[in-house]
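Input: a single structure, listed below in structure tokens.
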Amino acid sequence: MEKVGMTCECGMEMRAPKGSEKALVAAIKFHAKNAHNMDSSDEDVLKMLAPVKEGRVAGVRGSMSDIM
């Protein structure tokens, strides 16, 4: 099963099965707000998701600070 995810600058990694992006986006936004006092849109978070390969998020498309 394909997965997508994101690694935060603080090291927190979140991932979910492809097709579950809505729940993943909500979790990422919750982390950003509560851990870093950052707000972001669903669209901005979706742009930062990357494929998970070999159990790790494959790349970094951006960082939370890029959209704040």
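Close amide-amide hydrogen proximity is noted between residue 4 and 16, 18, 52, each under 5 Å apart and 5 or more residues distant or on a separate chain (H modeled in the peptide plane; Pro and chain starts excluded). Between the entries [x] 11.8; [y] 14.7; [z] 12.7, the label attached to Kirkwood radius over Cα pairs in Å calculated for this structure is [x]. Model label points for residue 41 and residue 23, set 7 angstrom from Cα along the Cα-to-Cβ axis, are 2.6 nm apart. Working note: Karplus 6.51/-1.76/1.60 with θ = phi - 60° gives segment 28-45 the couplings 5, 5, 4, 4, 4, 6, 7, 8, 10, 6, 10, 10, 8, 8, 4, 4, 5, 5 Hz, where Gly and Pro are set to x.
Computed from backbone phi with θ = phi - 60° and the Karplus coefficients 6.51, -1.76 and 1.60, the 3J(HN,Hα) list for segment 3-18 is 10, 10, x, 8, 10, 6, 4, 7, x, 5, 10, 10, 8, 7, x, 4 Hz; x is used for glycine and proline. Within the shell of other residues whose beta carbon sits under 15 angstrom from the beta carbon of residue 19, the net charge comes to +2, with Lys and Arg scored +1 and Asp and Glu -1.
Values in this text are rule-based calculations from the coordinates and carry no lab data. Keep in mind that this is a model prediction, so the values were computed, not measured. Counting neighbours? That spans all protein chains shown, and the Cβs are built from the backbone with ideal geometry, glycine included.
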